[in-house]
Amino acid sequence: MLAWFAWFPLLAQVATPTAASRVPTPFALGWTSGLVFWLMSISWLNHVTWLGMVSLCMFLALYTACWSWFVATLRARWPRVHGVTHILLSLLCAAAWVALEWLRGWIFGGFPWNFAAVSQYRNLPLIQTAAWTGAYGVSFVILFFNVSLWFTWCRMKEERFAARSWRYEFSLALFLVAALFFVGFHAIRHRSPETQSLKIGLIQPNIPQEVKFEPLRLEDQLARLEGLTKQAAAFHPDLILWPETALVDGPTYSDSSRRWLRELMKQIQIPILLGALDAEPDDTGSKPRWKYYNGAILLRPNGMWDPIYRKLHLVPFGEYLPLEKWFPWARKFVPGVAIHEGQKPVLFHFRGARLGGLICFEDTFPSLARALDREGVDILVNLTNDAWFKKSPGAAMHAANAVLRCVETRHPMIRCANSGYSLVIGPYGQIVDSATPFEMGFKCTTVPYEEGTLLTFYSQHGDWFAGICLAVSGIVVFFLFLEHRRKA
């Protein structure tokens, strides 16, 4: 609910005719505002690296700073208090925010965490817009409402709260939100029924991150996985899921892990889709060594596995160190082994269903879910390990981001977490079932899905809406720059 008014404090400082000449500048005000937001939003990354968390927040705040400059410059250029002017400014400001969200999800590998749209993950009718525009369309509506409402307030103060003219900007904002609610509600009400289903066993071992990679504790972790898996197998699921890096010694290179898994498979006779470290020899250097990957493996009852999915987008500071080539000394502040990127998405074919793997925060990337949709996926599967962030809000935010991927592609998602939120999300963003968060246990649940669904408009055409916003914002910035050069 607060998202519909969250930009008011910043707009109060930068959306006035004199804002562009203020000290501190709108850019500095926006950067400070963004820094406060991100320090609150991803403070849980402190459990991985405090230096990385602060550095990332300082960088992400630049996007808010750029938006603040854009708003202040436009307002100084068009200071007139008028409904039509306010509508144009609101549209341009919302488009600029969307353009910056798209850039944030792309520059330096991207960090598309907590787009404005994610604040509405429980608002199912509104977020159905994402099936056509991606999450960017929902973000646009939120920003347009914020800016329009702020300008309406400015007009009311200018006119001393006398109804001298129709509030065009606010009326248009209300109409847009109401229209999207109506369209979204209609889409949910007339959705196609799911014709297929899989019975899934979700294993949530809840292993603390502090002990996960300790050699002396590996035997206890395997015993926990084995016990939970056998309990889930008693309910005869079609498939059992283990979370990200459930095996820190992967079966592709560890003989002991391979033997242990084969013995377990003989006992349960149920396929397991598991997260594990994957490795291959690296002969590029002067000394022989291993290249490690964060992988997902579909293990069959006969002990064989399908092609392995290797994670494509790595977590900055958690799995790789940004700009390590230039700042190698920073490695001592970042724990963990360096992980290499995979090459392509992978579909796991299982009993007529096509499962698409996403590991960890890959479910925050619209492009990855869209790529799987174009490959013909039926069910999205996210294996994650949110134990990195303990019981912080990071795990809940992660699950909220995943909701938008389901709406964008119209496919359900199964999320299996080491700790955090193991759940099933429906193709319209609804939470179908879930395990108890942050507790050791398992959950057997049925995942309904529709086989061979048509691509959504968003999956077919990609980030067309964000592209329009980026083009419009770029043109406006170009002309503002030319105007500034002429005055100089």
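The values are calculated or read from the model by the stated rules, or taken from the named source; none is laboratory data. Note that this is a predicted model, so its numbers are computed, not measured. No Cβ is skipped: glycine too gets one built from the backbone with ideal geometry, and neighbour counts run over all protein chains shown.
A few points about this structure:
- Cβ pairs under 9 Å, 6+ apart, first in the range 84-111 and closer than 20 Å to Phe478 by Cα and not assigned by TED's automatic domain parsing to the domain that holds Leu10, second of a type in the set (Asp, Glu) and crowded, with 21+ Cβ neighbours inside 10 Å: none
- Selection of the range 439-456 for residues being over 21 Å from Phe235 (Cα atoms) and either loosely packed, with under 15 Cβ neighbours inside 10 Å or over 20 Å from the mean Cα position of the chain (by Cα) (or both) yields Glu450, Glu451, Gly452, Thr453, Leu454, Leu455.
- Taking the listed residues Glu451, Glu408, the one that is in contact with a Ser or Thr (Cβ under 7 Å, 6 or more places away or on another chain), of a type in the set (Asp, Glu) and at pLDDT 95 or above is Glu408, with no other qualifying.
- Residue pairs meeting the criteria (Cβ under 7 Å; at least 6 apart or on separate chains; first assigned by TED's automatic domain parsing to the domain that holds Leu372, in the range 347-359; second of a type in the set (Gly, Ala, Ser) and in a strand (DSSP E or B)): Leu347/Gly356; Phe348/Gly357; Gly357/Ala296; Ile359/Gly275; Ile359/Ala296
- Of all residues assigned to the range 391-414, at least one qualifies as being surrounded by fewer than 17 Cβ atoms within 10 Å (Cβ to Cβ), more than 16 Å from the chain's Cα centre (by Cα) and not in a helix (DSSP H, G or I).
- For the range 53-72, filtering for residues that are touching a residue at least 60 places away in the same chain (Cβ under 8 Å) and either buried (at least 21 other Cβ atoms within 10 Å of the Cβ) or in a loop (DSSP other than H, G, I, E, B) (or both) leaves 2.
- Spans of strands (runs of 3 or more DSSP E) in the range 423-462 with at least 3 residues farther than 22 Å from Met397 by Cβ: 441-449
- Matching entry among Ala131, Ala76 (being touching a Ser or Thr at 6+ places or on another chain (Cβ under 8 Å) and at pLDDT 95 or above): Ala131
- The residue that is surrounded by the fewest Cβ atoms within 10 Å (Cβ to Cβ), among those in the range 199-254 that are part of a helix (DSSP H, G or I) and among the acidic types (Asp, Glu), is Glu219.
- Of all the listed residues (Phe170, Phe175, Phe181), the sole one being outside the structural domain of Asn382 (by TED's automatic domain parsing) and touching a residue at least 24 places away in the same chain (Cβ under 8 Å) is Phe181.
- Among (1) touching a Phe, Trp or Tyr at 6+ places or on another chain (Cβ under 6 Å); (2) in the same structural domain as Leu202 (by TED's automatic domain parsing); (3) not acidic (Asp, Glu), the one test that Ser367 misses: (1)
- Pairs, first closer than 14 Å to Phe70 by Cα and at pLDDT 85 or above in the range 465-488, second among the hydroxyl-bearing types (Ser, Thr, Tyr) and assigned to a helix (DSSP H, G or I), C-beta under 9 Å, six or more apart: Cys469/Tyr136; Val477/Thr73; Leu480/Thr73
- Flag if Trp326 is over 25 Å from the mean Cα position of the chain (by Cα) and either modelled with pLDDT of 85 or more or in a strand (DSSP E or B) (or both): no
- Matching entry among Ala99, Ala72, Ala94, Ala116 (being within 15 Å of the chain's Cα centre (by Cα) and small (Gly, Ala, Ser)): Ala116
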